[in-house]
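Notes for the one structure printed next.
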Amino acid sequence: MNLHIAVLPGDGIGPEISEQGVAVTSAVCEKFGHTVSYEYAICGATAIDAVGDPFPEETFQTCLRADAVLFSAVGDPRFDNDPTARVRPEQGLLAMRKGLGLYANIRPVETFDCLIHKSPLKDDLVRGADFICIRELTGGMYFGERYQDNDKAYDTNFYSRPEIERILRVGFEYARRRKKHLTVVDKANILASSRLWRQIAQEMAPQYPDVLTDFMYVDNAAMRMLQEPRFFDVMVTENTFGDILTDEGSCITGSMGLLPSASTGDHTPVFEPVHGSWPQAAGQNIANPLAQILSAAMLFEYFGLQAEGQLIRQAVRASLDANVRTPEIQVSGAPAYGTREVGQWIVRWIQSA
Ligand code: IPM
Ligand code: MN
């Protein structure tokens with residue numbers, strides 16, 4: 001296969017983890033006889049500094065031309081505490097989602113046995129938890145009409161039938177490929193938008209008789225994730241609820257630094273770590289590259305290249321078993337490895353596999 005990948009390293013630790021993601025991608029392509037080419041583009045604070053726009057037109061065009069985007073992270077504290085900032089790095093992310101029509105955000109919540117002790121939950125509760133949260137990414141309050149003056153403000157949680165149908169379909173299809181259990185998360189006891197979601201899900205469910213479909217209010221889902229995370233298989237929800245629940249999901253496993261994600265839709269799909277740009281660690285060679293590397297695994301799998309994705313997953317597991325780990329997950333007493341050293345170890349493992 002010929003793969004043309006847009007690489008968007010972004011801000012903070014982005015460039016360092018990006019380098020390892022690219023190295024692993026190249027190693028896998030070489031192993032399996034695929035040709036791969038890369039085109040780099042700027043985004044986030046880096047792009048604001050360079051051209052005053054967090055997602056410049058040129059970057060957008062680079063993404064459109066590519067088969068996939070390998071994205072790292074955006075964000076910079078210079079903008080966080082400045083309410084007067086005219087542009088923010090995060091706007092680049094929203095522009096990319098909207099521009100590429102990335103309506104489905106797939107965030108796996110997975111545990112790694114050797115990291116379970118890092119979970120804030122009790123071991124026996126979280127061990128084996130393995131679900132996917134499918135978050136609608138281009139609608140709802142993030143993009144609805146909003147207004148603000150000194151005395152009042154509102155945001156609109158707008159959803160149309162086609163927007164709801166297409167994301168629910170992604171949910172049903174994922175459930176079908178997994179344990180056939182779909183939980184639709186909403187707030188249908190209060191919100192009209194949620195009632196429409198629930199109505200459409202009920203209309204669609206008979207088309208998926210092999211999938212057990214249930215419904216849960218979002219407040220209850222937040223609680224259930226802590227009490228019984230193994231209950232879930234595939235969860236589908238709107239943009240804002242998904243934003244909140246996936247942060248909760250990423251931390252209950254204890255493996256936040258290891259979680260990748262995929263955003264797919266109308267145009268080029270984007271693969272990126274769930275974690276952010278960790279500006280304090282930039283340039284120090286201490287950031288964990290595994291979420292980025294596992295994002296590359298999701299990239300291959302998106303194109304049906306299952307063996308390629310599996311090889312990356314095996315290599316990551318091997319590195320953890322060999323205690324080749326960055327400081328935040330290293331076992332006490334063992335030497336910590338750098339971002340580059342972990343990435344290079346995985347590259348060599350793949351080459352000699
Ligand atoms: C995420 C992030 C973004 C979001 C921010 C950075 C705009 O929190 O990807 O979950 O709210 O969607
Ligand atoms: Mn978020």
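The values are calculated or read from the model by the stated rules, or taken from the named source; none is laboratory data. Just so it is clear, the structure is predicted and the values come from calculations on it, not from any experiment. For neighbour counting, all protein chains shown are included, and Cβ atoms are generated from backbone atoms with ideal geometry for every residue, glycine included. For accessibility, only protein heavy atoms count, side chains too; no ligands or nucleic acids. Shrake-Rupley method; radii C 1.70, N 1.55, O 1.52, S 1.80 Å.
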- Quick one: which residues, 5+ away or cross-chain, put their amide H under 5 Å from the amide H of L3? H built at 1.01 Å from N. T35, V36, S37
- Solvent-accessible area per residue for region 1-96 at a 1.4 Å probe radius, Å²? 43 Å²
- Kindly report, to the nearest 10 Å², the accessible surface of L100 as traced by a 1.4 Å probe over protein heavy atoms only. 0 Å²
- Distance (nanometres) between label positions extended 7 Å along Cα→Cβ at D80 and Y302: 2.8 nm
- Dimensionless Rg/Rh of the chain, both radii on Cα and Rh by Kirkwood, sits at 0.96
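Sort region 44-122 into rounded, prolate or oblate with this rule: let a ≥ b ≥ c be the square roots of the eigenvalues of the Cα gyration tensor; rounded if a/c is under 1.5, and if a/c is not under 1.5, prolate when a/b is larger than b/c, oblate otherwise.
Oblate shape, in that a/c is at least 1.5 and b/c is the bigger or equal ratio.
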- Message: What number do you get for region 107-258 when its Cα radius of gyration is normalised by 2.2 N^0.38 Å, N = residues?
- Response: 1.10
- Query: Once phi is turned into θ = phi - 60°, what whole-Hz ³J(HN,Hα) does the Karplus curve with 6.51, -1.76 and 1.60 give for every residue of region 209-223, x standing for Gly and Pro?
  - Reply: x, 7, 9, 7, 9, 10, 10, 9, 5, 5, 5, 5, 5, 4, 6
- Task: Roll a 1.4 Å probe over the protein chains and send me the accessible area per residue for region 107-258 in Å².
- Result: 47 Å²
- Sorting Y103, Y38 on solvent-accessible surface, 1.4 Å probe, most exposed first, gives Y38, Y103
- Would you mind counting up the charge near P162? Only other residues with Cβ under 13 Å from its Cβ, with Lys and Arg at +1 and Asp and Glu at -1. -1
- Query: Roughly what % of DSSP beta bridges within the chain run antiparallel, to the nearest 5?
  - Reply: 40 percent
- Query: So for the pair R176, D321, with labels modelled 7 Å out along Cα→Cβ, what separation do we get in nm?
  - Reply: 3.5 nm
- Message: From the helices alone, meaning DSSP H stretches of at least four residues, give me the mean residue ellipticity at 222 nm for the chain, per-run term -39500 (n - 2.57), in deg cm²/dmol to the nearest 500.
- Response: -13000 deg cm²/dmol
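Explain nothing, just the number: dipole magnitude of region 124-209 about its Cα centre with +1 on each Lys and Arg Cβ and -1 on each Asp and Glu Cβ, in debye rounded to the nearest 20.
Dipole magnitude for region 124-209 comes out near 520 debye.
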- What list of ³J(HN,Hα) values in whole Hz, one per residue of region 192-201 in order, does the Karplus curve 6.51 cos²θ - 1.76 cosθ + 1.60 (θ = phi - 60°) give from phi, with Gly and Pro shown as x? 4, 4, 5, 5, 5, 3, 5, 4, 5, 4
- Message: Can you compute log10 of I(q)/I(0) for region 227-291 with the Debye formula, treating each Cα as one identical point scatterer, at q = 0.17, 0.20, 0.21, 0.24 Å⁻¹?
- Response: -0.77, -0.99, -1.06, -1.22
- Find the centroid of the Cα atoms in region 118-152 and in region 222-255, then give the distance between the two in whole Å. 8 Å
- Karplus 3J(HN,Hα) series, Hz, for region 58-64 with 6.51 cos²θ - 1.76 cosθ + 1.60 (x for Gly, Pro): 4, 5, 4, 5, 4, 5, 4
- Note on the structure: Whole-percent carbon and sulfur contribution to the accessible surface of region 101-258 (1.4 Å, no ligands, DNA or RNA) stands at 53 percent
- Message: Quick check: with the 1.4 Å probe, what order do R195, R224 take by accessible area, largest first?
- Response: R195, R224
- Top to bottom by accessible area (1.4 Å), largest first, where do W345, W197, W278 land? W278, W345, W197
- Search the structure for amide H atoms under 5 Å from the amide H of T183, placed 1.01 Å from N in the peptide plane, and list their residues when 5 or more places away or on another chain. D214, D233, V234, M235, V236
- Task: Report the residue, chosen from T156, T246, T264, that carries the largest GNM mean-square fluctuation when the chain is represented by alpha-carbon nodes joined by springs under 10 Å.
- Result: T156
- Message: Around D76, under 13 Å between beta carbons, what's the net of Lys plus Arg minus Asp minus Glu among the other residues?
- Response: -3
- Note on the structure: In whole angstrom, the spacing between the Cα centers of region 31-58 and region 305-322 equals 26 Å
- Task: For V331 and E248, compute 0.36 nm times the residue count separating them, minus their Cα-Cα distance, and round to one decimal in nm.
- Result: 27.5 nm
- Task: Could you work out the local net charge near E16, counting Lys and Arg as +1, Asp and Glu as -1, over the other residues with Cβ closer than 14 Å to its Cβ?
- Result: -2
- Query: What nm distance separates the two modelled labels at D149 and M1, each placed 7 Å from Cα along Cα→Cβ?
  - Reply: 5.4 nm
- Most mobile of N157, N81, N288 per a Gaussian network model of the chain (Cα springs, under 10 Å)? N81
